[in-house]
């Protein structure tokens, strides 16, 4: 259940009052209504990132994009046209863990509320995901959990699937757990 409150509240006493009033074991948290700061991770493809940048530019997204980080440099010009910092952190010659540590260090400079993977085509190690619990959102063309891998559309076609799905995957703690938040 989601409840919205307006006004001036003491967050500590409000949370204590809510926990006292609700059934034992209820999970309560307060989420600020301020604009969320996001860092976007990208690889080579522009369509997902471009859509986010355009929607944000025209006010359709209530977020502040504080930086974009790519493991390839080809999207720099697109990002900089929107006056957003772009950082290139190559994965060449690095282990996945080494690369993820460099990513985390750069991300932490921006103190984002969320990290958005916009068609980011690299697997993040569990330590990276643990570092940002409930804050990593993956936007990826897939049919998880039914079709895993780089060519989900091909797999679905071969199996005769007739429903198109666009999942937004929330990476939770150290276990990657898929939640379809949007179906189209």
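The values are calculated or read from the model by the stated rules, or taken from the named source; none is laboratory data. Because the structure is a prediction, the values reported are computed rather than measured. A quick note on method: Cβ atoms are made from the backbone with ideal geometry, for glycine too, and the neighbour counts reach across all protein chains shown.
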Residue hits (the range 58-85; touching a strand residue (DSSP E or B) at 6+ places or on another chain (Cβ under 6 Å) and within 15 Å of residue 112 (Cβ to Cβ)) are 63, 64, 65, 66, 67, 68, 69, 84, 85
Residue count, the range 141-166, condition at pLDDT below 65, surrounded by 14 or more Cβ atoms within 10 Å (Cβ to Cβ) and out of contact with any helix residue (DSSP H, G or I) (no Cβ under 6 Å at 6 or more places or on another chain), comes to 4
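Test residue 93 against the stated conditions and say whether it is modelled with pLDDT under 95 and over 23 Å from residue 134 (Cβ atoms).
Details: modelled with pLDDT under 95: no; over 23 Å from residue 134 (Cβ atoms): yes.
Criteria not met by residue 93.
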All-but-one check, residue 131 against (1) touching a helix residue (DSSP H, G or I) at 6+ places or on another chain (Cβ under 9 Å); (2) surrounded by fewer than 16 Cβ atoms within 10 Å (Cβ to Cβ), failing number (2)
Turns out the strands (runs of 3 or more DSSP E) fully within the range 1-111 with at least 1 residues that are at positive phi and exposed (fewer than 11 other Cβ atoms within 10 Å of the Cβ) are none
